[in-house]
Amino acid sequence: MALTKEQKKLVVAEVADVASKAYSAVGAEYRGLTVEQMTAMRVKARESGVYLRVIKNTLARRAIAGTEFECLNEGLTGPLVLAFSMEDPGGAARLMRDFSKDFNQLDVKLIALSGKLLPASDLERVASLPTRDEAISMLMSVMQAPVAKLARTLNEVPGKLVRTVAAIRDQKQAA
């Protein structure tokens with residue numbers, strides 16, 4: 001069923017709003033996937049904070065115009081599903097990587113991160129980017145390391161004194 005002009009405007013506005021807030025985008029050709037497989041991918045996308053949309057390429061070009069994902073324009077050919085990461089930069093790439101392992105028909109064509117178009121071969125690299133919680137925990141461990149080392153160093157002084165006194169005691173008892 002064809003969309004009316006008003007419906008197309010709404011779709012373009014919705015995707016433009018999502019694209020303006022997203023961290024990264026992945027475009028994949030979905031030719032050959034069943035409805036059940038696409039539904040499973042949509043469910044997984046909702047759970048992982050990824051906006052997933054099948055959209056006509058001309059409407060997608062209009063929607064991403066003026067956003068950092070404008071670099072995707074040249075690759076918008078064929079039937080594509082666009083995934084936008086809304087919570088962390090690697091979310092859409094992880095979703096597409098996991099589903100392309102399960103379903104060979106899903107073929108990643110486009111990856112955009114921070115206004116740069118990346119080759120599809122960088123999917124694994126983008127998917128391995130840490131989530132927000134992982135990044136915070138890594139930062140906290142780096143910040144904690146000098147404090148922990150200082151505490152161990154300060155604790156070593158009385159420990160050394162106790163060992164020295166114990167060695168002197170043992171030496172006097174042996175004599």
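In a reduced charge model with +1 at each Lys and Arg Cβ and -1 at each Asp and Glu Cβ, the range 27-116 shows a dipole moment near 180 debye about its Cα centre.
Qualifying trypsin sites (Lys or Arg not before Pro) in the range 1-100, where qualification requires a DSSP coil assignment and no more than 13 other C-beta atoms within 10 Å, comprise Arg31.
In this Cβ point-charge picture (+1 for Lys and Arg, -1 for Asp and Glu), the range 130-175 has a dipole of about 320 debye about its Cα centre.
Dipole magnitude for the chain: computed about the Cα centre from +1 point charges on Lys and Arg Cβ and -1 point charges on Asp and Glu Cβ, it is near 420 debye.
Every number in this text was worked out from the coordinates using simple rules, so none of it is lab data. What you are looking at is a predicted structure, and each value in this text was computed from that prediction instead of being measured. Ideal geometry is used to build each Cβ from the backbone, glycine not excepted, and the neighbour counts take in all protein chains shown.
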